[in-house]
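Readers should treat all values here as calculations from the given coordinates under stated rules, not as data from a laboratory. Note that the structure is predicted; figures quoted are calculated from it, not measured. Cβ: placed from backbone, ideal geometry, glycine included. Neighbour counts: every protein chain shown.
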Amino acid sequence: MQTYEVEVKSLLGSEENAELLRTKMRELDSDSHLTSKNKQLNHYFIGGSMDALVHASKGTISNAAHAKLSDLVSKVTSVSVRTRNKDGEVILVVKASVGDDTSSNGVSRIEFEEKVDITLEQLDRLLINAGFRYQAKWSREREEYSFKGLNVCLDRNAGYGWLAEFEKVVQNDSELAPARAEIDAVMRECGVEELPQDRLERMFSFYNEHWPEYYGTDKIFTIQ
């Protein structure tokens, strides 16, 4: 069974704004708490075919995960393929749009994540050998919180600065609209605004063109 993620981003920018959101979450939900803190490297890929991805991943991921991936790519057309190192844990990530937004940054997406027992470099090479090529490499520090039934991530991203992601995972597409409404209500309570998709796409495009200047650094840029 595929799962769906509804994820809405808010650009915070500064550490001061990130701390204001942490404080607000504690005020609004006494049960709110930090669930994990980690450093990540995320490598985005373009090119290649989904059939090649399915073929290349066989034997690298479990049989059940391989069947799930095969089912996913047979149903969608817009797919974002990534590799991730999360504090030493290496993960294959595939996200597919279920709306009009992009698979890279859209609000509602089917998500696939599977841990692998090879290095990030080996997983990257597997995708490159399957015909994919790097789009960009990203680095970030992430704090994950449980808050009002949502997963809230505070990310300090190379290039972007601090970004908040309000996420809810649901089991079928009939739950997407109610989940979005729930997230919108919680964000209003927190006093944060959604980062518009068009601005996010401009930021994403700029980073993709200049990522070697930002990857692994604390440098940020501003795109309106």
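Observations on the structure shown:
- Kirkwood Rh (inverse of mean 1/r, distinct Cα pairs), the chain, angstrom: 18.2 Å
- For the range 1-30, backbone nitrogen atoms closer than 18 Å to the point 7 Å from residue 113 Cα along Cα-to-C-beta are found at 1-10.
- For the range 146-224, the list of trypsin sites (Lys or Arg not before Pro) that fall in a loop by DSSP and count at most 12 other C-beta atoms within 10 angstrom reads 219.
- Degrees between helix 63-75 axis and first principal axis of the chain (Cα, 0 to 90, nearest 10): 80 degrees
- Phi-based couplings in Hz for the range 2-17 (Karplus 6.51, -1.76, 1.60; Gly and Pro marked x): 7, 10, 10, 10, 10, 9, 10, 9, 9, 7, 9, x, 9, 4, 4, 5
- Length-normalised contact order for the chain - Cα pairs under 8 Å, 6+ apart - percent: 30 percent
- Here residue 218 and residue 58 are evaluated by their C-beta separation; at R0 = 45 Å the FRET efficiency comes out at 0.70.
- The alpha carbons of the range 1-104 occupy a box of 48, 34, 26 Å along the principal axes, longest dimension given first.
- According to the Cα-based calculation, Rg over Rh for the range 133-224 is 1.01, with Rh computed by the Kirkwood formula.
- Within the same chain, lysines fewer than 8 places from residue 75 are excluded, and of the rest, those with a Cα less than 18 Å from its Cα are 95.
- Integer Hz, Karplus 6.51/-1.76/1.60 couplings in order for the range 183-191, x for Gly and Pro: 5, 4, 5, 5, 5, 5, 4, 7, x
- Long pairs among 86/148; 39/148; 9/39, criterion Cα-Cα beyond 21 Å: 86/148; 39/148
- Cβ-based charge dipole, the chain, positive-most Cα from 224, 97, 33: 97
- The fraction of Cα-Cα pairs per 5 angstrom bin, counted from 0 for the range 11-69, comes to 4, 12, 12, 13, 13, 8, 8, 14, 14, 3 percent, rounded to whole percents.
- Distant-in-sequence amide contacts of residue 138, defined by a placed amide H-H separation under 5 Å and a gap of 5 or more residues or a different chain, comprise 42, 43, 44.
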